[in-house]
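These notes are about the structure you will find just below.
Here, each number is a calculation from the coordinates, and none is a lab measurement. Bear in mind that the values here come from a model prediction, so they are computed numbers and not experimental data. Virtual Cβ from ideal backbone geometry, glycine too; neighbours counted across all protein chains shown.
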Amino acid sequence: MTAVTSYEDQPTMQLRTLGSDPATGLGRHRRTGRPRPYGRHQPKAAPRLPEEYLPVDAGDSEHGEPGGEPGEPGGEPGEPGGEPGEPGGEGAAPWLPSRQAFRRFWPLTRGDRRWLVLICACVIAAALAETAAILLFSDLTDNALRQGSLGAFWVPAAQWLAVAVLGAAVGYTGNSLAVWIAERFVLRLRARVFAHVQDLPPHFFQRHRQGDLVERLTGDVESIEQMVVSGVVSTVAALFSTVFFSVAAFQLRWDLALVTFVLAPLFWLAARRFSGRIGSVARDERVADGAITSVVEESLGNVVLTQAYNRKDAEERRLGREARAWMRASVAGARMSELYEQLVEVIETLCVLAVIGLGAWEISQDRMTIGQLLAFAAFLGYLYPPIRNLGQLGLTLTAATAGAERLLEILDAEPAVSDPPPGAAVAPWRVHGTVEFDRVGFRYPGGDRRTLADVSFTARPGEFVLITGASGAGKSTVSKLLTRFYDPAEGYVRLDGVPLYAMPLGFLRTNVTLLPQETLILHDTIRENIACGRPGAAEHEIVRAARDAAAHDFITALPEGYDTRIDPHTARLSGGQLQRIAIARAMLRDAPVLVLDEPTTGLDALAARRVVRPLRRLMSGRTTLMITHDLNLAPDADRILVLDHGRVVETGTHRELLALNGAYARLHGSGNGALEGPLEGGSLDRPLGGSPTSTDPQPTLRLGPF
């Protein structure tokens, strides 16, 4: 145990279409908002809570007050609650410079940069081919057509065709590679963000609306690609096209080219003038996108509440408010973009008129041929689009930065816990199942008081320990610490004598099975719902787990048996049947430590009795911590812990605690713990009305020995 001691010392909602750049035939243009699959990010090692998730002062904002955790009766004190008032559940992020956003996401292109170089080479080759094609057009006009000789036509025509075929080949290659690399980047970024989100603590999801997080993982990720991959390709295309066409134009007629470039800075000034406003509108639109997704997700998830309480009109008004906010931002963005486009068209027309006017005068003075003027006009048609694109690129980066800000809010949030540093973790061992809480104290991030204080107990291998108390007493917090969703602020939680923070999270959670209060069912087949407890399990193991959970009979009675697709709201199965599927999943997992959080909540007496029978099999031979207010299960516990204001106030067997006539007796006398509401703040310091006045044991419904 030397090692143990050393450890203790220490926006838009439209799809964007694919198209090609007018100058090079390359490039990728897509409106943001198209959903994509998710995908992995390695979290930072430091188990430190980021400052942005610390609470605001309760006197300044109601969001900072602790609230209930969804799904828990009353919730635990100190857990952050309330929804932020900003659209999408978020406040405005600090403005992020485009250059800094680019640097944050550029490392994700590692491994694909050789392909980016090849794409840029194709871009350059396509620009050269177009430049050569225009020069050949000039030669064809001045020689073959002016001479009126068909023989003089074939050579430049063949050269022009060869250049066109070459340009088409490199254009197709570059465009295909650009789309492929862009999709790989998006997939890699989604994988990183999604994996990071899964490591974040529960309070993060209480502070962020789910719909807004979905929008960040879909639409906002798309905008980053426009900045990093497509942005690089577009910049290279615009720069080299501008250089090639400029050199050719100066060689053809330096005076006309000079007039062209005197007016070119007007494009840059127009883009600079509009970039700030377009960036602000893009931020508003992305926040509104998240708000709409949140309202739809919340309404669909609570459709029974909507129908039962006649909230259809209210929900429609709520969606209408968010949709109008999105519409205002979208229309404002469209107006700004259209105004910019029209201004650029006017500037471009001025440039063309100036060149044509000067060219006409040159022709009248016999200083220029018609072929040269036509060739120069063609150069203008190809030269101004890349110049425009350089200005447009600034607007694109500004709009993409709005998505980068929202995504970095997620990536910069650090997990509440992390694996020990390499070399510091204990080696895996065969877990026996001794669970120890040693002077544990804990306060939820954002909480105004401690949820647990000086909690100490030990559960030996195979022992059944029941933890009870009034709502908000800290019962479910024990399960969160044992499964290491959080680390204790004080004291230690140990497994077989080893502090939990000294072992890899994967190893810990492989050996501790949590059966949460909410029956967690995947949108998949019954087989996959059971097998997710141990991926790769054989068919006979899945069936055996279902038999042990008393689920096999009703599963096989279904038309599709184990291949029946179910979801949390399925009407095919009852709540008790879904709970037995969850028990089968836990049985298949076969971990030495079992945590049951309110296993019979929401079930009637008959369903609870049917669930308790397979629970006996599940608990047999395992260290079991059952967190419950249903004291019908208490007589079978080896030991009972009573929590009050986060402290263990009583411990003993069912009969011993009834004889004390204290906190446990008052809970038991209040209807087997079912009436917890009057025990305000988790207090057990006063008897309820009708509580026992003698030490005689009260009648209890026995569910049979375990």
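Counting only C-alpha contacts under 8 Å and six or more residues apart, can you give the relative contact order of segment 519-606 as a whole percent?
43 percent
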Ranked output for segments 641-650, 624-633, 556-565 by mean other Cβ atoms within 10 Å, highest leading, reads 624-633, 641-650, 556-565
At 7 Å along the Cα-to-beta-carbon direction for both R616 and D454, put a label point, then send me their distance in nm to one decimal. 4.0 nm
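Determine, for each peptide in 222-232, 452-462, 186-196, the mean count of other beta carbons within 10 angstrom over its residues, then list the peptides with the highest first. Could you put the intermediate results ahead of the total?
Details: 222-232: 23.7, 452-462: 17.9, 186-196: 19.5.
Final packing ranking: 222-232, 186-196, 452-462.
Using only Cα atoms, figure out Rg for segment 494-565 and give it as a multiple of 2.2 N^0.38 Å. Don't skip to the answer; put the middle values down first.
Numbers: Rg = 15.4 Å, N = 72, 2.2 N^0.38 = 11.2 Å.
Output field value: 1.38.
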For a quick check: sort I410, I526, I370 by the number of other beta carbons within 10 angstrom, fewest at the front. I370, I410, I526
How large are Rg and Dmax for segment 513-662 when calculated on the C-alpha trace, in angstrom? 16.6, 54
Mind listing the phi-derived Karplus ³J(HN,Hα) values for segment 231-241, rounded to whole Hz, using 6.51, -1.76 and 1.60 with θ = phi - 60°, and x for any glycine or proline? x, 5, 4, 5, 5, 4, 4, 5, 5, 5, 4
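Restricting to Cα pairs below 8 Å that are 6+ residues apart, what does the relative contact order work out to for segment 435-682? Please round to a whole percent. Can you show the working numbers first?
On the way: 460 pairs, mean separation 70.9, N = 248.
Over segment 435-682, the number comes to 29 percent.
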Amide H contacts of T451 (H built 1.01 Å from N, under 5 Å, at least 5 apart or other chain): F442, R443, Y444
Between Rg and the Kirkwood Rh of segment 105-411, both from Cα atoms, what is the Rg to Rh ratio? 1.12
Over what distance in Å are the Cα centres of segment 544-589 and segment 413-434 separated? 33 Å
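Using per-residue counts of other Cβ atoms within 10 Å, averaged over each peptide, order 165-177, 411-423 from highest down.
Values: 165-177: 17.9, 411-423: 16.2.
Going by the mean number of other Cβ atoms within 10 Å, highest first, we get 165-177, 411-423.
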Table column - 3J(HN,Hα) (Hz), segment 482-498, Karplus curve with 6.51, -1.76, 1.60, x for Gly and Pro: 5, 8, 6, 6, 9, 9, x, 6, 9, x, 9, 10, 10, 10, 6, x, 9
From the phi angles alone, apply the Karplus equation (6.51, -1.76, 1.60; θ = phi - 60°) to segment 336-345 and give each ³J(HN,Hα) in whole Hz, x where the residue is Gly or Pro. 5, 5, 5, 4, 5, 4, 5, 4, 5, 4
